[in-house]
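Novice: The following block contains the structure, expressed as structure tokens.
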Amino acid sequence: MAGAGDRSIAALGVSLAANLRVGSSHVSASATALAGQRILLCVGGGIAAYKSLELVRRLRDAGAAVQVAMTAGAQQFVTPLSFQALSGHPTRTTLWDGAAEQAMGHLELARWAERVVVAPATADLLARLAHGLADDLVATLCLATEAPLAVVPAMNHRMWRHPATEANVAALRARGVQVIGPDDGPLAEGESGPGRLSEPEAIVAALAGTAGPAVVASGLLQGLKVVVSAGPTYEDLDPVRYLGNRSSGKMGFAVADAAARQGAQVVLVSGPVQLETPRGVRRMDVRSAAQMRQAVADALPADIYVGAAAVADYTARAFSPSKIKKTGTGQSLVLDLVRTPDILAEVAQRADAGLKLVVGFAAETDNVADYARQKLTAKRLDLIVANRVGVPGSGFESDDNAMTAYWPGGERDFPPAPKVRLADGLVELIAERLRA
Ligand code: C5P
């Protein structure tokens with residue numbers, strides 16, 4: 001590149017950088033894992049390609065050296081020059097560029113990479129990778145490299161759910177390809193569902209969390225069995241009334257989904273909720289705490305137990321087969337309640353359950369850290385996730401949450417985000433704690 005071109009590209013880099021969100025606080029944990037890594041970013045042709053610009057920034061902030069290759073479709077959305085400015089290297093766009101090949105042949109580039117990341121990975125690109133095609137530069141690089149491959153899918157939710165795409169993703173996973181995301185939520189064309197490109201920050205974290213070759217091999221929780229409890233329990237008082245908790249089950253369902261996407265075999269024991277079963281998850285529906293305890297016992301042994309259910313603390317000493325009569329105005333009614341079993345504490349104490357990690361949740365209104373740490377110790381957990389309830393836009397029934405995870409000797413803050421995204425982060429943390 002000539003000197004004048006260098007200067008203009010550098011100037012563009014500065015202005016683009018100023019327009020991109022760069023969160024240094026998220027970078028520190030990833031920095032050690034990715035520092036010095038040579039990452040080849042392959043950009044597919046989807047609207048989410050614009051997010052890959054920020055991904056380049058974040059990877060470089062984490063200390064990685066990044067080179068970029070783009071498909072023809074990707075260039076319809078973002079220009080090679082933008083990636084060039086951000087990566088500090090010429091962007092590769094075709095196999096048939098003699099000058100670029102002379103500077104660094106495509107096979108040399110495939111060898112240069114210590115990690116290949118495809119983001120966004122469109123349905124078409126996933127299909128071509130699954131079938132080992134080499135019909136353009138990106139597919140050829142992915143076929144020629146010996147570096148671990150990660151794909152970050154982004155597409156319309158119907159395309160993501162199509163059996164053809166599912167089969168392609170399964171084939172890639174089975175080959176040891178790391179699949180990051182996709183996120184669930186609003187899609188570019190106005191619909192909603194799974195298909196959003198994971199946020200750059202989450203992609204960097206996923207790449208950093210899987211730096212070890214053993215884990216890259218096939219999903220963070222590949223080969224592990226996870227039992228998740230979710231939702232409220234309803235304790236029937238009489239044929240028409242019950243005691244229950246305000247819980248939508250969204251967090252537990254999101255954790256079950258995230259664990260399944262990371263390759264785990266997942267059993268989801270759910271109280272009464274209005275949610276669809278995540279794909280690939282075995283669901284056991286229950287109503288009361290006693291039924292939940294039994295279902296969890298039936299689902300064990302497992303490697304990981306995540307107690308995300310809001311189990312009622314009390315149940316009626318005796319169920320009244322006939323409807324309890326109202327008392328007169330001004331008169332009180334006394335219910336005779338007994339404690340329910342603490343399912344989580346029981347599970348944590350079962351030596352025969354094969355558990356490597358037991359995770360609890362704590363919904364607190366105040367002194368969150370203190371109460372969470374007390375529960376961590378009292379229930380003998382490996383990890384507890386605390387969230388403050390009673391704050392608008394967080395906690396029960398909300399789609400979003402903010403939480404802090406505590407373990408003996410450490411903690412991690414999860415800033416406010418959709419529960420589906422938090423669940424991905426939590427599953428990554430679970431995988432990290434397992435390895436620790
Ligand atoms: O003690 P507390 O209800 O705050 O603890 C919350 C954690 O314990 C959650 O993980 C919840 O699923 C679990 N729990 C349980 N059985 C109970 C009460 C709570 O498994 N009876």
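Novice: Name the residues in region 200-232 that are touching a Pro at 6+ places or on another chain (Cβ under 8 Å), at pLDDT below 90 and open to solvent by 30 Å² or more (accessible area, probe 1.4 Å), would you?
Specialist: Passing the criteria: only PRO213.
Novice: Restricting to region 84-121, name every residue that is assigned to a loop (DSSP other than H, G, I, E, B), surrounded by fewer than 22 Cβ atoms within 10 Å (Cβ to Cβ) and touching a residue at least 60 places away in the same chain (Cβ under 8 Å).
Specialist: Selection gives GLY88, PRO90, GLU114.
Novice: Give the residue that is modelled with the lowest pLDDT, with candidates limited to residues of region 174-199 that are open to solvent by 50 Å² or more (accessible area, probe 1.4 Å) and not in a strand (DSSP E or B).
Specialist: Here is the first cut: in region 174-199, the ones open to solvent by 50 Å² or more (accessible area, probe 1.4 Å) are 174-175, 184, 186, 188-192, 196.
This time we only want the ones that are not in a strand (DSSP E or B), so: 174-175, 188-191.
Numbers: ALA174: 70, ARG175: 74, ALA188: 82, GLU189: 76, GLY190: 81, GLU191: 83.
Per the criteria, the residue is ALA174.
Novice: Any chance region 35-43 includes a residue that's open to solvent by 10 Å² or more (accessible area, probe 1.4 Å), out of contact with any Gly (no Cβ under 9 Å at 6 or more places or on another chain), assigned to a loop (DSSP other than H, G, I, E, B) and in the same structural domain as ARG128 (by TED's automatic domain parsing)?
Specialist: No, region 35-43 contains no residue that is open to solvent by 10 Å² or more (accessible area, probe 1.4 Å), out of contact with any Gly (no Cβ under 9 Å at 6 or more places or on another chain), assigned to a loop (DSSP other than H, G, I, E, B) and in the same structural domain as ARG128 (by TED's automatic domain parsing).
Novice: May I pose another question? Output the number of residues of region 258-316 satisfying the condition of being of a type in the set (D, E, K, R), part of a loop (DSSP other than H, G, I, E, B) and either touching a His at 6+ places or on another chain (Cβ under 7 Å) or modelled with pLDDT under 95 (or both).
Specialist: The qualifying residues number 2.
Novice: Given the criterion open to solvent by 60 Å² or more (accessible area, probe 1.4 Å) and within 16 Å of the ligand (Cβ to nearest atom), identify the matching residue among ASP342, ASP313.
Specialist: ASP313
Novice: Do we have any residue at all in region 253-274 that's away from the ligand (no atom under 16 Å from the Cβ) and over 26 Å from the mean Cα position of the chain (by Cα)?
Specialist: For region 253-274, residues away from the ligand (no atom under 16 Å from the Cβ) and over 26 Å from the mean Cα position of the chain (by Cα): absent.
Novice: Could you list all residues from region 289-299 that are under 17 Å from GLY252 (Cβ atoms) and either in contact with a Leu (Cβ under 7 Å, 6 or more places away or on another chain) or away from the ligand (no atom under 13 Å from the Cβ) (or both)?
Specialist: ALA299 - this is the single residue of region 289-299 that is under 17 Å from GLY252 (Cβ atoms) and either in contact with a Leu (Cβ under 7 Å, 6 or more places away or on another chain) or away from the ligand (no atom under 13 Å from the Cβ) (or both).
Novice: Please state which of the following conditions SER247 fails to meet, knowing it meets all the rest: (1) away from the ligand (no atom under 16 Å from the Cβ); (2) at pLDDT below 95.
Specialist: Answer for SER247: the failing condition is (1).
Novice: Pairs, please: C-beta under 8 Å, at least 6 apart or cross-chain, first residue closer than 19 Å to LEU109 by Cα and in region 35-53, second part of a strand (DSSP E or B) and among the charged types (D, E, K, R)?
Specialist: Listed by first residue and then by second, the contacts come to GLN37/ARG115; ARG38/ARG115; ILE39/ARG115; LEU40/ARG115.
Novice: Which residues, counting only those in region 351-372, are surrounded by fewer than 16 Cβ atoms within 10 Å (Cβ to Cβ) and either in a helix (DSSP H, G or I) or over 27 Å from the mean Cα position of the chain (by Cα) (or both)?
Specialist: Listed by number, the residues that qualify are ALA351, ASP352, ASP366, ASN367, ALA369, ASP370.
Novice: Kindly establish whether MET284 is of a type outside the set (Asp, Glu) and crowded, with 22+ Cβ neighbours inside 10 Å.
Specialist: No.
Novice: Which residues, counting only those in region 249-290, are among the hydroxyl-bearing types (Ser, Thr, Tyr) and farther than 16 Å from VAL306 by Cα?
Specialist: Scanning region 249-290 gives THR277, SER288.
Novice: With respect to VAL420, determine if the residue is open to solvent by less than 70 Å² (accessible area, probe 1.4 Å), touching a Gly at 6+ places or on another chain (Cβ under 9 Å) and away from the ligand (no atom under 14 Å from the Cβ).
Specialist: yes
Novice: Tell me which of these LEU355 doesn't satisfy, since it passes every other one: (1) more than 13 Å from the ligand (Cβ to nearest atom); (2) touching a strand residue (DSSP E or B) at 6+ places or on another chain (Cβ under 6 Å); (3) at pLDDT below 90.
Specialist: Unmet condition: (3).
Novice: Can you find even one residue in region 316-330 that is under 30 Å from GLY409 (Cβ atoms) and either within 12 Å of the ligand (Cβ to nearest atom) or in contact with a strand residue (DSSP E or B) (Cβ under 6 Å, 6 or more places away or on another chain) (or both)?
Specialist: No: zero hits.
Novice: Of all residues in region 122-158, which are at pLDDT 95 or above and either open to solvent by 50 Å² or more (accessible area, probe 1.4 Å) or of a type in the set (Ser, Thr, Tyr) (or both)?
Specialist: Of everything in region 122-158, those that are at pLDDT 95 or above and either open to solvent by 50 Å² or more (accessible area, probe 1.4 Å) or of a type in the set (Ser, Thr, Tyr) (or both) turn out to be THR122, ASP124, HIS131, LEU133, ALA134, ASP135, THR140, LEU143.
The values are calculated or read from the model by the stated rules, or taken from the named source; none is laboratory data. The shown structure was predicted, so the numbers you read here are calculated from the model rather than taken from an experiment. In this analysis, Cβ positions are derived from the backbone assuming ideal geometry, glycine residues included, and neighbour counts consider all displayed protein chains. The protein model used for the area step is the full one, side chains on, heavy atoms only, and it has no ligands, DNA or RNA in it. Shrake-Rupley method; radii C 1.70, N 1.55, O 1.52, S 1.80 Å.
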